[in-house]
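Heads up: the structure comes next, in structure tokens.
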């Protein structure tokens with residue numbers, strides 16, 4: 001924006017007409033008069049500071065898809081002009097008027113008519129927007145429910161998944177809270193108008209605080225994604241995705257303005273715009289995997305951690321290449337007395353996930369040479385300082401194993417130094433619960449008592 005123009009984000013809900021008017025009057029006193037409004041911004045132009053009165057009125061028959069003012073709007077605006085009000089800006093059914101008179105005649109004097117106009121406008125604007133917003137957590141609920149039931153340890157130690165869950169919960173609370181607040185305002189206003197009074201004043205401060213908190217949560221989650229993507233090498237792809245998404249939104253705004261400037265009818269504009277929105281959504285969904293794949297092939301991003309080296313196995317009939325990792329592991333096959341040679345081409349892989357709730361380490365050692373006789377070793381260490389979370393993860397872990405038709409058998413925990421202990425015979429897996437951690441481990445062949453002792457003694461607190 002130029003020095004003579006100013007853009008300001010809209011924080012007020014449509015029905016909060018008093019707060020909007022007071023805000024615009026303060027801006028006029030600072031030398032900024034309202035020029036136009038869209039769904040996100042107030043746009044001002046510089047002028048001499050002055051005492052200007054503002055009022056917000058509604059014409060529900062109008063739409064943001066209209067190419068210009070409707071005949072009914074023009075008539076309405078003429079009546080307002082006769083009462084000393086000039087049109088400052090209009091956005092669909094919402095009209096902004098200003099007056100230089102110190103005490104102009106109110107635009108709306110019939111509170112019942114005013115309430116009806118606000119409710120019809122709100123149904124087309126804010127109520128519809130919040131309903132669509134609430135569709136996000138509703139649609140994602142089955143996905144998170146399946147993750148919640150499958151592996152709580154992975155869920156609560158993963159910042160990305162926790163960030164998305166926090167965001168969805170924030171959207172759910174915000175959308176429900178704003179809709180409930182509006183419903184309470186409608187009920188209170190109807191009672192007041194029925195008794196001959198005025199519409200009740202909305203809870204401006206609550207709405208502002210809720211909107212600011214929602215924006216703060218969104219910003220924190222996006223920032224956490226960038227921090228995490230920076231450590232994993234995915235931040236270029238995330239940045240490009242946000243640019244792509246923002247570009248589509250800007251293109252949508254341009255399409256809408258272009259259609260309206262050409263005088264396209266409301267019905268045609270609405271149909272073309274929604275067709276564009278659906279097509280753009282499909283295009284973004286199609287382009288996103290291509291974008292990530294292309295960046296990965298070009299070496300700009302790495303979707304997974306690069307191995308230390310690669311090994312190609314071949315037996316004459318087929319061959320494949322696998323990555324070999326050289327991470328430090330708390331327990332190795334060598335510690336268990338296994339003879340590991342270079343011909344085994346053993347991989348030592350450690351994956352650590354951290355969040356503000358928990359730390360989860362997943363460790364694997366296995367021979368990449370399929371002709372090797374070495375067993376493979378896999379174990380997890382899950383640590384948290386939250387007893388309730390540890391208990392929930394333990395319950396989910398043992399319940400999930402039972403549901404997978406792999407029954408677990410209780411073991412006497414004392415020899416393991418654990419609070420509880422279970423074994424899964426079919427997979428030779430062990431599950432141990434300690435006051436501050438959960439340990440699970442699996443050896444592809446039956447472990448000897450000495451090997452079990454080595455594993456537990458090393459991994460336990």
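The values are calculated or read from the model by the stated rules, or taken from the named source; none is laboratory data. Keep in mind that what you see is a predicted model, and the values were worked out from it rather than measured. Reconstructed Cβ throughout: ideal geometry from the backbone, glycine too, with neighbour counts over all protein chains shown.
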**region 419-435, residues that are under 14 Å from residue 394 (Cα atoms) and in contact with a helix residue (DSSP H, G or I) (Cβ under 7 Å, 6 or more places away or on another chain)** = 422, 431, 432, 433
**Prompt:** Considering only residues of region 394-429 that are surrounded by 20 or more Cβ atoms within 10 Å (Cβ to Cβ) and at pLDDT 90 or above, which is farthest from residue 366 (Cα to Cα)?
**Reply:** 418
**Message:** Could you check region 108-120 and list, in sequence order, the residues that are in contact with a strand residue (DSSP E or B) (Cβ under 8 Å, 6 or more places away or on another chain), surrounded by fewer than 20 Cβ atoms within 10 Å (Cβ to Cβ) and not in a loop (DSSP other than H, G, I, E, B)?
**Reply:** 117, 120
**Item:** Residues located in region 28-77, provided they are closer than 18 Å to residue 256 by Cα, in a loop (DSSP other than H, G, I, E, B) and in contact (Cβ under 8 Å) with a residue 40 or more places away in the chain
**Value:** 38, 39, 63, 64, 65, 66, 67, 68
**Asked** Say we look at region 262-276 and pick out the residues that are surrounded by 13 or more Cβ atoms within 10 Å (Cβ to Cβ) and in contact (Cβ under 8 Å) with a residue 40 or more places away in the chain; which of these is farthest from the chain's Cα centre (by Cα)?
**Response** 264
**Message:** I want to confirm something. Restricting to region 78-102 and keeping residues that are in contact with a helix residue (DSSP H, G or I) (Cβ under 9 Å, 6 or more places away or on another chain) and part of a loop (DSSP other than H, G, I, E, B), which single residue is farthest from residue 197 (Cα to Cα)?
**Reply:** 92
**Item:** Matching helices (runs of 4 or more DSSP H) fully within region 158-269 where at least 2 residues are modelled with pLDDT of 85 or more, within 28 Å of residue 145 (Cβ to Cβ) and not assigned by TED's automatic domain parsing to the domain that holds residue 10
**Value:** 159-194, 204-232
**Complete:** Reported set for region 409-438 where residues are in a loop (DSSP other than H, G, I, E, B) and closer than 22 Å to residue 387 by Cα is 412, 413, 417, 418, 419, 434, 435, 436
**Request:** May I ask you to verify whether residue 370 is in contact with a strand residue (DSSP E or B) (Cβ under 9 Å, 6 or more places away or on another chain), assigned by TED's automatic domain parsing to the domain that holds residue 320, surrounded by fewer than 20 Cβ atoms within 10 Å (Cβ to Cβ) and touching a residue at least 40 places away in the same chain (Cβ under 8 Å)?
**Result:** yes
**Request:** Could you grab me the full set of residues in region 29-51 that are in contact with a helix residue (DSSP H, G or I) (Cβ under 7 Å, 6 or more places away or on another chain) and surrounded by 14 or more Cβ atoms within 10 Å (Cβ to Cβ)?
**Result:** 34, 44
**Prompt:** Among the numbered criteria (1) without any contact (Cβ under 8 Å) to a residue 24 or more places away in the chain; (2) more than 30 Å from residue 360 (Cβ to Cβ); (3) part of a helix (DSSP H, G or I), which single criterion is violated by residue 105?
**Reply:** (3)
**Asked** Do we find a residue being at pLDDT 90 or above, more than 30 Å from residue 201 (Cβ to Cβ) and touching a strand residue (DSSP E or B) at 6+ places or on another chain (Cβ under 8 Å) anywhere in region 46-67?
**Response** yes
**Message:** Tell me yes or no: at least one residue of region 137-153 is in a helix (DSSP H, G or I), more than 30 Å from residue 383 (Cα to Cα) and at pLDDT below 90.
**Reply:** yes
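This table checks each residue for (1) exposed (fewer than 13 other Cβ atoms within 10 Å of the Cβ); (2) within 15 Å of residue 365 (Cβ to Cβ); (3) modelled with pLDDT of 85 or more.
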| site | (1), (2), (3) |
| --- | --- |
| 304 | yes, no, no |
| 319 | yes, no, no |
| 323 | no, yes, yes |
| 329 | no, yes, yes |
| 336 | no, yes, yes |
| 339 | yes, yes, yes |
| 344 | no, yes, yes |
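Scanning for something touching a helix residue (DSSP H, G or I) at 6+ places or on another chain (Cβ under 8 Å), loosely packed, with under 14 Cβ neighbours inside 10 Å, assigned by TED's automatic domain parsing to the domain that holds residue 408 and not in a helix (DSSP H, G or I), does region 439-450 turn up at least one residue?
Looking for residues that are touching a helix residue (DSSP H, G or I) at 6+ places or on another chain (Cβ under 8 Å), loosely packed, with under 14 Cβ neighbours inside 10 Å, assigned by TED's automatic domain parsing to the domain that holds residue 408 and not in a helix (DSSP H, G or I), one finds none in region 439-450, hence no.
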**Prompt:** Considering 419, 412, 456, which residue is farther than 30 Å from residue 163 by Cβ, within 40 Å of the chain's Cα centre (by Cα) and free of Cβ contacts under 8 Å to residues at least 24 places away in the same chain?
**Reply:** 419
